[in-house]
Structure formats: structure tokens, C-alpha cells
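First up is the structure itself, then whatever we jot down about it.
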Amino acid sequence: MLSQVPKKTPRLRRTVARPLPPLAIVGANVEARMCGVTVTALPDGALWVAESKALIVSDLHLEKGSSYALRGQMLPPYDTHATLTRVAALMEALAPEIVVSLGDSFHDGAGVARLAERDRELLQSMIARCDWVWVEGNHDGRAPETLGGAVREVLHLGALVLRHEPTLGVAPGEIAGHLHPCAKVAGRGRSVRRRCFATDGERLVMPAFGAFTGGLNLRDEAFDPLFPDGAMALVLGKARVLPAPQERLLSD
Amino acid sequence: MDVPTLALPPRFEAWFAERGWRPRAHQLELVRRAQAGLSTLLIAPTGAGKTLAGFLPSLIELAPLADEGGLRRSHKLHTLYISPLKALTTDVARNLEAPAHEMQLGVRLETRTGDTPPHKRQRQRAHPPDILLTTPEQLCLLIASEHARVFFEDLQAVVIDEIHAIAPTKRGDLLALALARLRRWAPAHRRIGLSATVADEEGLVRWLLGAGASPRPPTPSPQGEGESVIVRAPPGATPVIDVLDSDARIPWAGHTARHAMPEVYEAIKRARLALVFVNTRAQAEMTFQELWRVNDDGLPIALHHGSLDVQQRRKVEAAMARGELRAVVCTSTLDLGIDWGDVDLVIQIGAPKGCARLVQRIGRANHRLDEPSRALLAPSNRFEVLECRAAQEAVLEGALDGADARAGGLDCLAQHVMGCACGEPFDADELYEEVASTAPYADLTRAQFDRVIDLVATGGYALRSYDRYKRIVQDLTTGRWRARNASVAQGHRMNVGAIIESEMLDVRLAMRAGMRPRPGVPKSDAPSPMTPGRRLGQIEEWFIEGLTPGDTFIFGGQILRLIGVRESDALVVRATAEQNPKIPSYAGGKFPLSTFLAERVRQLLHDPKRQKKLPQQVRDWIKMQKRRSVVPAPDDLLIETFPRGLKHYLVCYPFEGRLAHQTLGMLLSRRLERAGKKPLGFLASEYAVAVWGLDPMGDVDLDVLFDEDMLGDDLESWLAESTLMKSMFAKCAVIAGMIQRKAVAADKQTGRQVTFSADLIFDVLKQYEPDHILMQAALADAGEGYMDLKRLGALLRRIKGRLVHRDLPHVSPFAAPVMLEVGRVPIQGEAEEAILEDAASLIAEAMS
């Protein structure tokens, strides 16, 4: 199936117009309602669930730099520190009771062992400050457990269901990561590719939070089964979240 | 040069005689010098038998060896030939095989390029040919192989073709380093550089022979007894250059030269075969369309540019060679090397940008040295008329511009260090000496060199966390460095080179699958999906991104409609001719106006005597400028301020080329912003910079605004946000091996993902280690190329105290062309956010 079609030939599976998911732009953030729960997409790529005072970050991919270095590509060793500092700043600002790392917290299973001393200390101090939950991802196994916090395969947060990899089929209230959605927006003779949240009001896929994590274009067919009627991209701008409908986006 | 009385071996004499030829003086001189073991830089115009001159000494040396041993003798690599173009190696091999065969020399000569199959490469390594023809990248690969020393130690000669085109580039950095390595393994080999006429001959000699070399070495020296290293073929007849004085109105602005097409067509009609050079692919497409629009005689006119499919290009080249064409519209793809036919006229559409380039292009016409080349310059706007005239004068005087020799890139050095470690283990002291002996790295300090070693070994970070994952390790007993393991070496070999191409999409005709009605299957109204069909060529990704599906554009001389993008394919269908295609916007040539030519344009502008030959319309335009404003003296900078519409403009005319102007425009905008002038945008052309805003700008202190200190803090703060800097960094990171385009393991990364992750890496590195050596390398590149800081610095120094300000009631004649180009150019940095916000505002509407 073509990812872009001529203007005048509407995409067949979008012939039935579906209302856009209910969104509200509140300051720099965008609020969405899922199963009656308000979730707030933050410009940094984290999700805030006010009613449970829960901060959700996904795909931190800590120690990705050192993982590449092991194989001979000497990426800068500062990614873990950069990522953790950003989570810490959000914790400072929002004072969450629960912090959820939604899987792929480390780039590989041996990542925990490679943590630099100062990063390990920083992470442990963060874990000690709240109820920290590691949702298991396909990259990490049970390794993060040794740092403290709880490990869950799935976490229920009121009506919301948090898991790393999105399930196929209907999944109301599901918040997942894994796919690293990115949006490519065109205009003024060029295009900008940024990380984004993707939601159709039923479910939501989180952007990757890690400093070195790239992304998969929201127009990729991997997203088709998750959002059969299309999705909204909540694109991460420099200082605010900007919504854009999927059909406005470009494929790579 | 005295005509040497040297006699060639009998079968060579006979071969020349059979063809009714005589060896030319410079060819004999090269043989004589080679016999004395001397290296040479041969400067010769096209058609002077340059290639044969380069190889003749080798063939003469090899002939008796082959006679003794026959073809089955155990071969040693005798001569290495390097050219920047893969196609040129194949072409030269073909041209050499003929005489070698006719003289029954029994010489084995082979090419080795990216297309050479693995089994042939392996065989070449084990049993080298007498003469190997290859590219700089392949040489780097050979050096990074384990038995490189054995392979090269019998080497007698290195021939480097089109040396003027390679030397001032990053590929030139890598090649200079590789040559230094060859010198270690085969100390006695001679080098022959083949070059077109250049401005900086000494720089080329140094590049060819090492930092210490000079064109006239002192006596005694291994380079010969005080005689020149440079051999000159006699120059061809002085070219005949005309600047088209069009009867039509010469446009104020624009780059299409559409007005001149009927006259260009007439010139083509009078010629046997014309090459029509343009500066960009978009211009090539446009010119091709326009020529066919007026082609009432149905002349065979073809199109040739780098984005076209290789097969298509080969077809055009073959047709040229067969003499079936009357004109070929082409970009720089036909600048170099290969001769494709009996060209007798070169037409340059639009400004030539530089004299050396123009001379090279003109040289494509008429390969018989005794007849003058004929060229016609067709300027596309009034400023370009001045540029063409200045270039014409310069070429006739024999004055040339040229790329300055540049300092070697640290990223290239890193790649070379890794390559050395993959081949024979190296000693750091020895390698430093070797590297510093090359011209590009002559000023490299030992401390910088050690930082590069550290970069290769552990990434070179202040935080020493990768000391346990070294890419290269030092042997404890010998102290020599080698690659840590085979997989690291393999990773390097897969990523050799300094050519980082902009991302390209394949243009393919879309086909509708299953259109034919089948019996028993009811006809469906729903169109079946489009699938990619025949490949038409390649196109820059950024260009397609600017289109929306449904838009039309010209490609390969056809009007196409974009259907969509699928993976790396742009799917298109043919659109009918009467539709108005959305022509690619002119993004400027790849090459900015040269400093040398710019200076001549400024002088011409101020010298009424030399303006007599200019078209009347242009003279009137200059006269009007004098009346309404002022024509500045060559070293002055004219600044005009005036209102127009609801906006206020500041326009200045440095004539320093688009790249330097872009940087200047950016920095002026920042300064005006700080001065509270609320600039809204700026535009940079090859000749001028315009900034505009809502407030009058006439009262700004211009001496302060144009002060040299703008290259300090303002530049730094801009660079921190600039996307240019990110893309510079990404290229350096790839060349230095920090990011590998091709991974050994399964996790294949596409070019795009590399760009993306390079952005993220840049952000993190900028925050945590802004002084990292690759950041320095990226900054150096930005200064040289894309931002032209060197040139901007020189401009700001030149105009100190020489600002001429005119506060005008309305737009001046010189400003008019600039104003016509003023489009939607938002201040960069804000632009990205603006794109996102555009999309968001749509939603706001939809939701309200």
C-alpha cells in the first residue's frame, strides 16, 4: 500500500470520517482523554497522569552509547547522564508518586553493569524518591531489578493499561512504547522530523525518551494495525507539544 | 622547453610512425624525467595527450620485462593510476589497451573500482597486474589490508589524473595520506600528476610531492638538479569567447535565461556538436525543455546530468561519440575527463562562477590543439552579464582563480589512522612524521595528532569511560597500534571514503497492478494499488519533500506527476505537456562565485571604460543606479536603506558569493534584532544581501553593525542552533568512523536514520563536551565551505571604514533584482518550529 496517495484519491480505509480524538492544548502541553482518564503529553516526551500522580517515560535505552562503543562505534558516553537528568528534572517539577519506565530502559541486558558510578547513584536516588516501576521491555530482561524498584510485565493504573509492546487488536486505555514513533511534517519547502506521541483516543504510543533514540515514522505500516482509523501525532516541538493529524504527515 | 632529442625504443617509434604521429615534446620530456627517476607535474590543456604522456614511461619500462617473462611471469605492481572518476579508470584502461596491444607489449593492466567483483579483487591482491587503475577510495582499502606492504613494495610509478580536482577536497586529504604510506613502502617510486591549468601550481606540487617540495628544488636534490618539477604542454589556441548580447530584454532577476533560448538555439544550429553547460540539475531540465520548445528543426538535443539513470547517461554518451547528436544539455557531469565526441561549441547558461571552471568547460570544445575552442556565455540576468563579461576578460588574459590549498580534515586523518591500524601495525612517532610530511597536514601539531589517535582508539572523550572498548590497541612489546579485532577492521573497510552523498530517492514510473479485466471477476471501481515500475533516475530527497503528491515537476526532460513516496522510491506517472509543471526552485549552484571573479566584477562595475562592451540595457541600468543611488568603488561596500510596501529594507552588495552572504545575512539579522529593529527575514544572492523588518533601518550605526566582531559571539550563538552545523558534524562523524553508515552486524541503518541519530549525538555532545575534536572538525568545515567564514572575515576586514550608505526614498536599480528574489525566507531556527506550528494551527481550526 502506498504511504502517500494523490490528493484527490482518498485513502480507502479512511472513507468513513472518524472524529478526531478529544484533545486540548494547555500551555505547552496537550491533554488527551483515554477511558475517562486525562493524560498530559509533555514537550520532553514524558506522559503525566494527574489523577494517579504518575510520570511515565518510555524507551530510555540507557547505556546505548557504550553498547555501540563495545562494537567499535565510539558514540559519546554522555547519553545515560543526559537522559537521567531530564527524568530527574521532571520529577523535581511534578513530584510524582509513581514513576514508570515503560520498557527498554536499558539498550541491552548488560547495560546495568556498564553504568558509570555517578549515573548509578543518580538513578538509585531517583528510585528511592518514589514508587518506581520497571515495565519489562524486549531489550532489558529483569536486569534493572538489581537497582531497586518493582518489575512488572503489565501495570494497571486505574482504567489505563501500561505495557511495553502494544497489543494487536482493540486495546482501550493501553499506553505502550516500543515503536519510537516519529512524525515528519512538511511545509515551507522542507520538512522536519521529530519524535511524537501517537493516539487515536483509544490507545496511546509513547515516543522514545532516551537521548540517542531515533524513531519509526508514524506512516510506517507497523502502526496500521494499532490505529486502523488513523491517529493524531502529538509532535515534540522545542518547547511545546504540537498536534498534527496522521494524514498531514510524510512518510520517510 | 628545449625539444629533447631523446629517441623512444624502436617499437614505440614505429607505433607512432605507423599512425603518422610524432611523440610530443612534453611526452618525451616525461619519459626522460622518468628515466632519471624524477617526479613531474604535467600541466596540459585537454587534448594534449596527457594520459599517454603519463603512461608512456611505464610502458617503456615494462616492455622488456614482458618480453623476458611473457604474460605468465610473476607480476609485480609497477604503476598505480588514480582518478577521481570510476568511469575515467575504465575509459583510460580502454585507451591504453589499444596501444599496448598494437605494440604487443604483453603488459597486464586492470581496473579496480567499487564494481570489481570480490573474486577478482582477491586475485589482484595475490597476483597484482603491472598497471592498476583505481580510485582514491580503493587505494585506501588496499592500504587497510593486511599485506599492503608486500603488494606495494615494488611500485615504480604513481600517476594521478585530474589532480587539480582532487587535491583541494577531503578525498584529496585521504589520498595525500595514502600516498605518504606508499612512500614508506616503496620509497623510490616516482609520481606523475596530470592537471589542467591552475592558479596555484606550487600548492599542487606540494600536494603531489609532499610539504617540503617546491616547483624548483634546490641543487642537489632528489627531485633533480634544480630543474622544474612542472612540465607544461603547449597551451592550445586562445579560445574565442562571446557573451550573448541578447536582443530580448535581459531579465532583472532569475536564473533561467529563458529570454535567450532562441539565440542559444541558433548558435546550436550553426555548430556541429554543442555542449550546453548549466549549473544545477533544475536548470538543466528547464533549458532542455525550453530548447525543445523552439526546436523547429527537430535537432537531436539530449540531456545529461548526475540524477539520470546510468543507463540513460551511457546512451547519451554513446550517441555523442557516434556523432548522432547536435547538442547535449549537461551539468558538471561532463566537466571532467572523458571525451565523448567532436564538440565544437561550448555554451554556458547562467553565470560561470569561476574562471578555472569556465576554462575547463571551454576546453571540452575542440580537442584539436591548433584550433581555438569556441564558447558562448548566456547570462540569465543583469548581474550575471557583469559576471560573464568579467570572466571573459579574465580567461583571455589567462588569469585564473583557484581553490586555496586547505588544511587537512581531522576526520579524514582519523579514518586514515584506523586504516593504517587495519593494515600493517603502526608506530605513532613514525606515522606522525609521515602524516606531517603531506601538504594538507604540514601544520598538524603532535598534540593534535595524538588527540586523533585517541579519537580513533576510544572516541577521545574527556570522560574516559571507553578505555576498555578500544578500537585500536597498542602492542605491549613493540608499541605498535593495530585494530582490536577482525570485526572492527571489517567495520572500517565497509565505511571507507569521504564522499557523503545527499540522500537520493529513485524516481520510478508507477504501475497499476492487475488492471487487465479477468473473466469472472467483476470489475471493481476501486483503483488497485500502484507498484513501482521502471527506474528513471535519482532525485534529491529534499526536492521531493517540497512537493505534495499530485504536484508536477520536470525530470529527465519529461513532465512527471508525483504519486507518492514508498521507501526509497518516488513513484510518478507521466503528466501531459500542457500542464504547467512546478519547476524545481533555483537553490543556487553548487559553486559560489569565486573570490577572484567577484573582485573583477566589482572593478568592472566601477570602470566606465570597460563597460563599453556591455549591452545597452545593462549600461542604462548602471547609469540609472548612479543617478538614483551610487555605484560603489571596488573596495567600498554600498549599503542602501529604503521603505517598500509596509516594510523597510537594508540591502548591501559585497559580491562575495551566496554562502558568505547567507552567513552575513544571518549575523546581520541577529544584530538588528538586538538593536531592536525586529528583522523579519533576509535574502542572500551571489551579489547582495537584503534584510527587512517593520522599522526603518536608516538610523542604525552601520560601522557597529558591520564590525568584524560579529564573527565572535554572534557567530557562536548562531552556530549553536544552526542545522548546518549539525549536518557538518554528521559528515565528520561518518568520515571519522564514529558513526558507521554500513554496519557489520544485522542492524542495518539507512542513511536517514544515521542523519537522525547524528543530530541527537550532536545535541548531547554539544551539551557535555563542546570542545570535542570532531566538533572542532565540523566547525572548521563550516568555516571553509558552507558558511565561508574565511571569505566573510576577509570581507569585513576589507570594508572597515569603507561603508557607503544611501538612505533612499525607494528601491534602487541595483536593489530591484534582489527584491524580485525576496520570497518567503524566515529567520532560520524559528523556521523549524514554524513548520510544526503551521500543522498545529490546522488542528486548532479543525477543533474550534
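The values are calculated or read from the model by the stated rules, or taken from the named source; none is laboratory data. Fair warning: this is a prediction, and the values are worked out from it, not measured in the lab. Here Cβ is always computed from backbone atoms with ideal geometry, including for glycine, and neighbour counts include all displayed protein chains.
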Within region B:651-681, which residues are among the hydrophobic types (A, V, I, L, M, F, W, C) and either assigned to a loop (DSSP other than H, G, I, E, B) or farther than 25 Å from B:Leu597 by Cα (or both)?
B:Phe655, B:Leu672, B:Ala675, B:Leu680
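Listed here are the residues, each with its yes/no results for (1) at pLDDT below 95; (2) in a helix (DSSP H, G or I); (3) under 30 Å from B:Met494 (Cβ atoms).
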site: A:Ser67; (1), (2), (3): yes, yes, yes
site: A:Leu75; (1), (2), (3): yes, no, yes
site: A:Val87; (1), (2), (3): no, yes, no
site: A:Gly103; (1), (2), (3): yes, no, no
site: A:Val112; (1), (2), (3): yes, yes, no
site: A:His139; (1), (2), (3): yes, no, yes
site: A:Val151; (1), (2), (3): yes, no, no
site: A:Thr167; (1), (2), (3): yes, no, no
site: A:Val170; (1), (2), (3): yes, no, no
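Condition check ((1) at pLDDT 75 or above; (2) outside any strand (DSSP E or B); (3) outside the structural domain of B:Ala282 (by TED's automatic domain parsing)) across all residues:
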{"position": "B:Pro549", "(1), (2), (3)": "no, yes, yes"}
{"position": "B:Phe553", "(1), (2), (3)": "yes, no, yes"}
{"position": "B:Leu560", "(1), (2), (3)": "yes, no, yes"}
{"position": "B:Gly564", "(1), (2), (3)": "yes, no, yes"}
{"position": "B:Val572", "(1), (2), (3)": "yes, no, yes"}
{"position": "B:Glu578", "(1), (2), (3)": "no, yes, yes"}
{"position": "B:Lys590", "(1), (2), (3)": "no, yes, yes"}
{"position": "B:Arg602", "(1), (2), (3)": "yes, yes, yes"}
If we keep only residues of region B:359-396 that are of a type in the set (Val, Ile, Thr) and modelled with pLDDT of 85 or more, then the residue farthest from the chain's Cα centre (by Cα) is B:Val385
Determine the pairs where a residue that is closer than 16 Å to A:Pro22 by Cα, located within region A:230-252, has a partner that is part of a helix (DSSP H, G or I) and modelled with pLDDT of 90 or more with Cβ atoms under 8 Å apart, the partner being 6 or more residues away or on another chain.
A:Ala231/A:Phe223
Answer with yes or no whether A:Gly45 is modelled with pLDDT of 95 or more and within 14 Å of chain B (Cβ to nearest Cβ).
yes
Per-region count, region A:200-216, residues without any contact (Cβ under 8 Å) to a residue 60 or more places away in the chain, buried (at least 22 other Cβ atoms within 10 Å of the Cβ) and within 14 Å of another protein chain (Cβ to nearest Cβ):
1
Only residues that are within 12 Å of another protein chain (Cβ to nearest Cβ) and surrounded by fewer than 18 Cβ atoms within 10 Å (Cβ to Cβ): list them for region B:554-568, please.
B:Glu567, B:Ser568
Listed by first then second residue, the pairs whose first member lies in region B:379-400 and is buried (at least 24 other Cβ atoms within 10 Å of the Cβ), whose partner is among the basic types (Lys, Arg), with beta carbons under 6 Å and at least 6 positions apart or on separate chains, are B:Ala390/B:Arg600
Only one of B:Leu142, B:Leu80, B:Leu105 is buried (at least 22 other Cβ atoms within 10 Å of the Cβ), hydrophobic (A, V, I, L, M, F, W, C) and farther than 30 Å from B:Phe426 by Cβ, namely B:Leu105
Would you call B:Glu225 outside the structural domain of B:Val385 (by TED's automatic domain parsing) and modelled with pLDDT of 85 or more?
no
For region A:232-252, state whether one or more residues are of a type outside the set (D, E, K, R), more than 13 Å from chain B (Cβ to nearest Cβ) and crowded, with 23+ Cβ neighbours inside 10 Å.
no
Filter region B:756-774 for residues that are modelled with pLDDT of 90 or more and buried (at least 20 other Cβ atoms within 10 Å of the Cβ); the one that is farthest from the other protein chains (Cβ to nearest Cβ) is B:Ile773
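Any residue that is in contact (Cβ under 8 Å) with a residue 12 or more places away in the chain and among the hydroxyl-bearing types (Ser, Thr, Tyr) - is there at least one of those in region A:125-137?
Filtering region A:125-137 for residues in contact (Cβ under 8 Å) with a residue 12 or more places away in the chain gives A:126-137.
Right, trim to among the hydroxyl-bearing types (Ser, Thr, Tyr) and you get none.
Within region A:125-137 (the criterion being in contact (Cβ under 8 Å) with a residue 12 or more places away in the chain and among the hydroxyl-bearing types (Ser, Thr, Tyr)), the answer is no, since none of the residues qualifies.
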For region A:64-94, give me each residue that is within 7 Å of chain B (Cβ to nearest Cβ) and within 18 Å of the chain's Cα centre (by Cα).
A:Asp79, A:Ala82
I'd like the residue in region A:30-81 that is in contact with a strand residue (DSSP E or B) (Cβ under 9 Å, 6 or more places away or on another chain) and among the basic types (Lys, Arg) and, out of all such residues, is farthest from A:Glu174 (Cα to Cα).
A:Lys64
